[in-house]
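Beneath this line is the structure, given in structure tokens, with notes to follow.
The values are calculated or read from the model by the stated rules, or taken from the named source; none is laboratory data. All figures in this text were calculated on a predicted structure; none of them were measured in a lab. Here the Cβ positions follow ideal geometry from the backbone for every residue, glycine too, while neighbour counts run over all protein chains shown.
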């Protein structure tokens, strides 16, 4: 079964946010240290998985944002005095 790269990203994010919370609650240094090392390993694995993912798309920059099409912007200058 293939695990999606975003799953690794979610695990890494929750782990590192959890470490931040544990550090602010004054947990033992050993717990924070070992979880930080594991978090850094997960971060490296996540970057590798995301970059090596076999993902392709047919979209180009012409598609830009799909939720809001780009319209040309016209600026009208009123009562401008040019030198």
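Residue-by-condition table, conditions (1) exposed (fewer than 12 other Cβ atoms within 10 Å of the Cβ); (2) at pLDDT below 90:
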| site | (1), (2) |
| --- | --- |
| 8 | no, yes |
| 40 | no, no |
| 61 | yes, yes |
| 67 | yes, yes |
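Within the stretch 7-27, if we keep just the residues that are within 17 Å of the chain's Cα centre (by Cα) and without any contact (Cβ under 8 Å) to a residue 12 or more places away in the chain, the residue that is nearest to residue 50 (Cα to Cα) turns out to be 7.
Of the residues screened, residue 34 is one that is part of a helix (DSSP H, G or I), over 20 Å from the mean Cα position of the chain (by Cα), loosely packed, with under 14 Cβ neighbours inside 10 Å and modelled with pLDDT of 85 or more.
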